[in-house]
Amino acid sequence: MTLYKNTVLDASDVRDYFKRTAASFDDLYGADQQAKSPFDRLFRKAMYWRFELTLDALCDGKGKNYLDVGCGSGRHATLLAERGAHVTGVDFSDEMLTLAKGYANSCKVGNQVDFQFGQFMEWASNKTGKFNAAYALGVFDYVDKPVEMLTEMSRLAEQVIVSWPTPSFPRSHLRKWRYEKAGCPVYFYKQDQVEEIHKKSGLEIKRLHTLGGAGFWTLAEKSQLEAK
Ligand SMILES: C[S@@+](CC[C@H](N)C(=O)[O-])C[C@H]1O[C@@H](n2cnc3c(N)ncnc32)[C@H](O)[C@@H]1O
C-alpha cells in the first residue's frame with residue numbers, strides 16, 4: 001500500500017522518534033511560527049485543516065466517547081473534552097502523554113480525558129465495547145499495516161476518522177528523506193490506495209477531503225454489507 005519501501009525501519013523506530021521529538025512536535029501547535037522552516041509551515045497548514053475537519057465532525061461532543069489513536073500531545077482530545085466529550089487517548093510515547101496530561105489539566109478538563117500508554121494494536125487487542133468515534137490524525141503516516149489498524153479502529157468505534165499523507169513531488173520526497181535521516185519510517189497514500197484500505201477494512205467512506213495537496217481526511221463507517 002505504500003509508495004516507498006521502508007525495509008529497515010519499523011514501529012519501534014517510530015516510537016523512539018516520537019520520544020525524542022515530542023516537545024518540538026508540540027511547538028507546531030504554538031503561536032510563534034515565524035522561526036519555523038518552510039517545511040514546518042506547510043506541514044502546520046495541513047495539521048490545521050485536519051484539526052478543523054475533525055472538530056467540526058465531532059463537535060457535538062456532549063455525552064460522547066471518543067478514542068484518539070496516537071493522541072500525541074493531546075490537543076484534539078482536550079478540545080473535544082472542552083466540548084463535553086470523554087476522550088481516551090492512546091500513544092506509545094510517554095513524553096507525548098506527559099504533554100497531553102499537562103495540557104488537558106491546564107485547560108481544566110483533566111477529568112474528561114484518559115491518556116493511556118500503549119502500542120495501539122496491542123492496547124486494542126483486549127478491548128471490547130464501542131466508542132462513538134475513533135480518530136487517528138497524523139498517525140497513518142507511520143503505520144506499516146494500515147488495513148489491520150483501520151480494521152481494529154472500526155471494531156471499537158461507530159465512526160472512524162483518519163488523515164492520510166499523499167505522495168507529491170517534492171514535498172513527500174523531502175519529508176521521506178528528512179524522517180529517514182532521523183530514523184523514522186514514513187508512508188504515503190494515493191486516493192485509490194486510501195479507498196482500497198477502507199474497503200479491505202470493511203469500511204465505507206462517507207466523507208473525503210483533500211488537505212491542500214498534502215493528503216486526505218476521511219470519515220468512514222462500517223459498510224452496509226459488513227454490518228449485516
Ligand atoms: C505526528 S504525531 C500526531 C499526534 C496527534 N494525533 C496530533 O495530530 O497532534 C503521531 C503520534 O502517534 C503516535 N503513534 C504512532 N504510531 C503509534 C502506534 N502504533 N501506537 C500508539 N501510538 C502511535 C506517536 O507516538 C505520536 O505521538
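The values are calculated or read from the model by the stated rules, or taken from the named source; none is laboratory data. Keep in mind it's a predicted model, so treat the numbers as computed, not measured. Here the Cβ positions follow ideal geometry from the backbone for every residue, glycine too, while neighbour counts run over all protein chains shown.
Go through the residues of the range 130-137 one by one and say whether even a single one is among the hydroxyl-bearing types (Ser, Thr, Tyr), within 11 Å of the ligand (Cβ to nearest atom) and outside any strand (DSSP E or B).
Looking through the range 130-137, none of the residues is among the hydroxyl-bearing types (Ser, Thr, Tyr), within 11 Å of the ligand (Cβ to nearest atom) and outside any strand (DSSP E or B).
Taking the range 111-129 on its own, how many of its residues are farther than 13 Å from residue 155 by Cα and either touching a His at 6+ places or on another chain (Cβ under 8 Å) or away from the ligand (no atom under 12 Å from the Cβ) (or both)?
4
Select from the range 80-98 the residues that are part of a helix (DSSP H, G or I), of a type outside the set (Asp, Glu) and near the ligand (Cβ under 9 Å from one of its atoms) and list them in ascending order.
Within the range 80-98, 96, 97 meet the criteria.
When you look at residue 144, is it over 24 Å from residue 218 (Cβ atoms) and among the charged types (D, E, K, R), yes or no?
So residue 144 does not fit the description; no.
Keeping to the range 56-79, report how many residues are on the phi < 0 side of the Ramachandran plot, within 16 Å of the ligand (Cβ to nearest atom) and in a loop (DSSP other than H, G, I, E, B).
Selection size over the range 56-79: 3.
Taking the criterion of being within 14 Å of the ligand (Cβ to nearest atom) and touching a residue at least 12 places away in the same chain (Cβ under 8 Å), would at least one residue in the range 189-203 satisfy it?
No: zero hits.
Among the candidates 131, 140, single out the residue that is closer than 20 Å to residue 91 by Cα and in contact with a Pro (Cβ under 7 Å, 6 or more places away or on another chain).
140
Return the residue satisfying two criteria in turn: it lies in the range 194-216 and is at pLDDT 95 or above and of a type in the set (Gly, Ala, Ser), and of such residues it is nearest to residue 138 (Cα to Cα).
201
State whether the residues of the range 163-184 include one that is touching a Cys at 6+ places or on another chain (Cβ under 9 Å) and within 11 Å of the ligand (Cβ to nearest atom).
Taking every residue of the range 163-184 in turn, none turns out to be touching a Cys at 6+ places or on another chain (Cβ under 9 Å) and within 11 Å of the ligand (Cβ to nearest atom).
Among what's in the range 138-162 and is touching a residue at least 60 places away in the same chain (Cβ under 8 Å) and hydroxyl-bearing (Ser, Thr, Tyr), pick the residue that is nearest to the ligand (Cβ to nearest atom).
So, considering only residues that are touching a residue at least 60 places away in the same chain (Cβ under 8 Å) and hydroxyl-bearing (Ser, Thr, Tyr), the one nearest to the ligand (Cβ to nearest atom) is 142.
Has the range 153-162 got at least one residue that is farther than 20 Å from residue 70 by Cβ and either over 16 Å from the mean Cα position of the chain (by Cα) or part of a strand (DSSP E or B) (or both)?
Looking through the range 153-162, none of the residues is farther than 20 Å from residue 70 by Cβ and either over 16 Å from the mean Cα position of the chain (by Cα) or part of a strand (DSSP E or B) (or both).
Restricting to the range 46-88, name every residue that is over 13 Å from the mean Cα position of the chain (by Cα) and among the charged types (D, E, K, R).
Matches in the range 46-88: 52, 56, 60, 62, 64, 82, 83.
Would you pick out the residues in the range 99-129 that are assigned to a strand (DSSP E or B) and free of Cβ contacts under 8 Å to residues at least 40 places away in the same chain?
113, 114, 116, 117 - these are the residues of the range 99-129 that are assigned to a strand (DSSP E or B) and free of Cβ contacts under 8 Å to residues at least 40 places away in the same chain.
What's the number of the condition residue 141 fails, among (1) more than 27 Å from residue 20 (Cα to Cα); (2) touching a strand residue (DSSP E or B) at 6+ places or on another chain (Cβ under 8 Å); (3) in a helix (DSSP H, G or I)?
Against the list (1) more than 27 Å from residue 20 (Cα to Cα); (2) touching a strand residue (DSSP E or B) at 6+ places or on another chain (Cβ under 8 Å); (3) in a helix (DSSP H, G or I), residue 141 comes up short only on (1).
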